[in-house]
Amino acid sequence: MEAVDQLASAGTFRVVKEPLAFLRVLEWLFAIFAFATCGGYSGGLRLSVDCANKSESDLSIDIAFAYPFRLHQVNFDAPTCEGKRRETLSLIGDFSSSAEFFVTIAVFAFLYSLAATVVYIFFQNKYRENNRGPLIDFIVTVVFSFLWLVGSSAWAKGLSDVKVATDPDEVLLLMSACKQQSNKCLPVRSPVMSSLNTSVVFGFLNFILWAGNIWFVFKETGWHSSGQRHPPDTMEKQSSSYNQGGYNQDSYGPTGGYNQPGSYGQVGEYGQSQSYSQSGPTSFSNQI
């Protein structure tokens, strides 16, 4: 517990309240939901084939599939309704590329968000001491925003194809027994795709989070700082040109009458008039 308290005291956890770090925490959580709902999926469907000869029927044909959705490798047995002979079939399609690409983006986004949050909390001074850290953070954020958009769009299309390939009605068309009208082929259970739909939603939510965080990371870079310093420089230039204008070199300057009021500083007439003020009483006393 003491080690945890020391780490907590060393880290400035108030940074998490700021938009930059707070969005990183959300990106970390949403990345977990994205790859967990897609990468941890497993589902299946159930079909029934009721042959004209009841002894050849199979009313419970289970077909299971899972991530990464290489459906062409999913095999199952189905009756042919021609004696005891059965046929081995497989689903159609390979959608592993879009699914694995989506999960890979989610995993790397999870790792980077975790690392960035640790840097914000425990190494904030080193992160902001030069422009390299914010610049790398800005570039990575832009790249992940683009990857989330591409990966989520590709996986949304891949999921649509997975739904078509695992549709029980489409799978029944693969069985030779279902091509005969005397046999009855029915879907018993369809696959549940709710978690996969959720993964697509989390994918686009991650794109929105990463794209929205671009602005807050950009504010940490020197590009935004230089843009903020430009208006004060302009004002300084304007003020310097104003100071060199007529108000510093006008009649009120060193050459003006108000700065050198000679008539008041060296007034000979008034300085010598004291003799006049003193001579009056003296002459009057002598006459008396």
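The values are calculated or read from the model by the stated rules, or taken from the named source; none is laboratory data. As the structure is a computational prediction, the values presented were derived from the model and not from experiment. A quick note on method: Cβ atoms are made from the backbone with ideal geometry, for glycine too, and the neighbour counts reach across all protein chains shown. In case anyone asks, the SASA skips ligands and DNA or RNA and just uses the protein heavy atoms, side chains included. Shrake-Rupley method; radii C 1.70, N 1.55, O 1.52, S 1.80 Å.
Beta carbons closer than 6 Å, at least 6 apart along the sequence or on distinct chains, pair a first residue in the stretch 196-216 that is hydroxyl-bearing (Ser, Thr, Tyr) with a second that is part of a helix (DSSP H, G or I) and crowded, with 16+ Cβ neighbours inside 10 Å for THR198/THR37; SER199/ALA34; SER199/THR37; SER199/CYS38. State which residue is farthest from GLY39 (Cα to Cα) when the search covers only the stretch 62-75 and only residues that are in contact (Cβ under 8 Å) with a residue 24 or more places away in the chain and open to solvent by less than 60 Å² (accessible area, probe 1.4 Å). Taking the candidates together, the pick is ILE63.
Considering (1) more than 15 Å from PRO187 (Cβ to Cβ); (2) surrounded by 13 or more Cβ atoms within 10 Å (Cβ to Cβ), the lone condition that SER42 does not fulfil carries the number (2). If you check LEU159, LEU91 for being touching a His at 6+ places or on another chain (Cβ under 8 Å) and either aromatic (Phe, Trp, Tyr) or more than 20 Å from ASN213 (Cα to Cα) (or both), only one passes: LEU91. Of all the numbered requirements in (1) under 23 Å from LEU186 (Cβ atoms); (2) surrounded by 15 or more Cβ atoms within 10 Å (Cβ to Cβ); (3) modelled with pLDDT under 95; (4) not basic (Lys, Arg), GLY83 misses one, and that requirement is (2). The combined condition, being at pLDDT 85 or above, assigned to a helix (DSSP H, G or I) and of a type outside the set (Ser, Thr, Tyr), is fulfilled by LEU29. Criterion applied to ALA106, ALA64 was being out of contact with any Cys (no Cβ under 8 Å at 6 or more places or on another chain) and outside any loop (DSSP other than H, G, I, E, B), and the one residue passing it is ALA64.
Please work out if ASN125 is farther than 30 Å from ALA165 by Cα and either in a helix (DSSP H, G or I) or among the aromatic types (Phe, Trp, Tyr) (or both). Spelling it out, ASN125 is indeed farther than 30 Å from ALA165 by Cα and either in a helix (DSSP H, G or I) or among the aromatic types (Phe, Trp, Tyr) (or both). When restricted to residues that are open to solvent by 60 Å² or more (accessible area, probe 1.4 Å) and not in a loop (DSSP other than H, G, I, E, B), the stretch 171-186 contains 3. Within the set SER160, SER145, the sole residue that is assigned to a helix (DSSP H, G or I), farther than 16 Å from ALA34 by Cβ and at pLDDT 90 or above turns out to be SER160. Regarding SER48, is this residue open to solvent by less than 30 Å² (accessible area, probe 1.4 Å) and within 33 Å of the chain's Cα centre (by Cα)? Here the answer is no, as SER48 does not meet what is asked.
Against the list (1) modelled with pLDDT under 95; (2) open to solvent by 70 Å² or more (accessible area, probe 1.4 Å), the condition LEU111 fails is (1). On the given criteria, is LEU149 surrounded by fewer than 21 Cβ atoms within 10 Å (Cβ to Cβ) and farther than 14 Å from ALA31 by Cβ? Yes: the conditions hold for LEU149. Taking the conditions (1) out of contact with any Phe, Trp or Tyr (no Cβ under 9 Å at 6 or more places or on another chain); (2) free of Cβ contacts under 8 Å to residues at least 40 places away in the same chain in turn, VAL119 satisfies each one other than (1).
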